[in-house]
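Structure first, then comments.
The values are calculated or read from the model by the stated rules, or taken from the named source; none is laboratory data. Model, not experiment: these values are computed from the prediction. As a convention, Cβ positions derive from the backbone with ideal geometry for all residues, glycine included, and neighbour counts pool all protein chains shown. What goes into the accessible areas is simple: the full protein's heavy atoms, side chains included, and nothing from ligands, DNA or RNA. Shrake-Rupley method; radii C 1.70, N 1.55, O 1.52, S 1.80 Å.
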Amino acid sequence: MIIIDIIISVTKIVFHLDLFNKNSRKSSPNSFLVLFLQHGYQITRKDRETIRDKCEYVVYKKLATLSRLSFTLYEQGRPDLIAELFNSVDSFIKSIYTIESLLSNTSVYFEYKTNVWLCIANNAITNYRDYWIFCEAALKKCGKWEELLYPQLEVPDIRIKGKTVSLLEQADSIFKKSELSDTFSSLGYAIRKQRPAWGCNDIEGRTAEEKVLSLWNTLPHDTFLMALLCLNSGDSHIILEQLKEYARTDVLDILYSSEIHPKLQIGLEAGTVGNLDFLFSLWELGYRYDTHQEWQVHGNITSTKQMKLYCLDKFYDMSLDIDLKEIMNSIALRAICMVEAIKTNDLFCTGNPNWKSYINGVRGATLQHPLNQYWGYIDMAFDAYHFTDGRSMRSYLSQKEPGIKLEKGSENIEINSAIYKALSVLYPEVYNMNS
């Protein structure tokens, strides 16, 4: 905590010195800013005001936006991407402005006076063609796709190759909120707050709970469940809980039907259906993404989302004395994926070109990377798993990539912790509870 306090104190000083003066060539403010953001600093309103006072508006807009997005990267365990974000080409950064404007439904980044959204879309098509796929996804997400893109606009046929984006595109086309989804949201809120279900008087039932069951009894079940899957919020969990005892078998039958099941699997793997409480309710009902045999046939895990599904399948089939929420957060899942990556010598869980760039980003001098809290457990895998020639992965990587920070750490290993118990189930050859 002392290091963090020093960083924050120094950051305040840096922001309030005249480093952003466009006539100053003594140092680069970006290098200071990126350094602090990589170690978890969250930019404040005062900081933004300082940047605005010291910089031209175009520079202020860039620094304020990228600083805010950088904190999200830090929280998701990817501080290594922050420098890349700041060093991105101008067209990429401006495509972010387009996406931000669409998702927030405000054109603050642009100065168009008439036909604002059409101008923003046309500008993206014309100037950000390399990043159009992301702008297109934002247009569809905010509901402006059909409204804006007339046939006479030449929309570029640009797609990024790869399974993940393909899944996201499929999921975005399948899971679109409807009026029924909004009704479920209202009913979920009423149940959560124990209030009357205002605005739902046309649905039979005195309480919100009764109205949910009334909808289940009057609507086609596949329509009901698809609208619920599209909700993807805490309210979806609340609605599903109402059906757990009332219609458990019927719900499972529909979830495994030929109409719903392939869509649900796409939504789960893409993360479109991803509210954790809802997933817990789904698995508690008895739903499974794959059987153990099917996971074995599929081979190695290839994404953190797949690891999440694998853990749900694996841990709901056995009695573990742990709170699954402790190991289903994004950082714990990344730690588990790191062990899988070491086992297979495959950096699927990162966007880094090699082990050295990733490991050194995690094991920085200040050790503030989120994964460091689990490094002791990751460290064990480097000794337990071996390269094809018999060398441990620690020895192999140390020789293959000189300068990699793989010195043994001093972090404590708690065999009674949730992460150790989970790892002992997934990788018993490394984490032996009986040893």
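Counting only residues at least eight positions apart within a chain, or on another chain, the lysines with an alpha carbon under 30 Å from that of LYS400 are LYS161, LYS163, LYS305, LYS343, LYS356, LYS408. Projection of the Cα convex hull of segment 204-279, averaged over all directions and equal to a quarter of that hull's surface, yields 4.7 nm².
Within the straight-line cut-off of under 12 Å between alpha carbons, the aspartates and glutamates reachable from LYS54 are ASP18, sequence neighbours fewer than 8 places apart in one chain being disregarded. Taking N as the residue count of segment 230-374, its C-alpha radius of gyration divided by 2.2 N^0.38 Å amounts to 1.18.
Result for the chain in a Gaussian network model with C-alpha springs under 10 Å: among ALA418, ALA247, ALA121, the largest mean-square fluctuation is at ALA247. Partners of LYS176 within straight-line reach, counting lysines whose Cα lies under 17 Å from its Cα and excluding those fewer than 8 residues away in the same chain: LYS140, LYS141, LYS144, LYS263.
Only helical runs count toward this figure. For the chain, summing -39,500 (n - 2.57) over DSSP H runs of n ≥ 4 and dividing by all residues gives -18000 deg cm²/dmol at 222 nm. No disulfide-compatible partner, judged by a Cβ distance under 4.7 Å, exists for the following cysteines of the chain: CYS55, CYS119, CYS135, CYS142, CYS200, CYS230, CYS311.
Here the chain exposes an accessible surface that is 50 percent carbon and sulfur, computed with a 1.4 Å probe and the other protein chains kept in place. Note on ASN345 and ASP253: with the Förster distance fixed at 45 Å, the Cβ-Cβ geometry gives a FRET efficiency of about 0.60.
Assign one of three labels to the chain, namely rounded, prolate or oblate, based on the Cα gyration tensor with a ≥ b ≥ c the square roots of its eigenvalues; rounded applies when a/c is under 1.5, prolate when it is not and a/b is larger than b/c, and oblate otherwise.
oblate
Which helices, counted as full DSSP H runs in the chain, have an axial Cα extent of no less than 24 Å and a Kyte-Doolittle average of 0.0 or above? Result, helices passing both filters: 57-75.
Looking at segment 371-432, the GluC sites (Glu not before Pro) that sit in a DSSP loop and have at most 12 other Cβ atoms within 10 Å of their own Cβ are GLU407, GLU414, GLU429. Per residue, the solvent-accessible area of the chain (1.4 Å probe, heavy atoms of protein chains only, all protein chains present) comes to 52 Å².
Shape index of segment 296-366: Rg/Rh, with Rg the Cα radius of gyration and Rh the Kirkwood radius from the inverse mean 1/r over Cα pairs, equals 1.02.
The length gained on full extension between LYS405 and TYR112, counted as 0.36 nm times the residue separation minus their Cα-Cα distance, comes to 100.5 nm.
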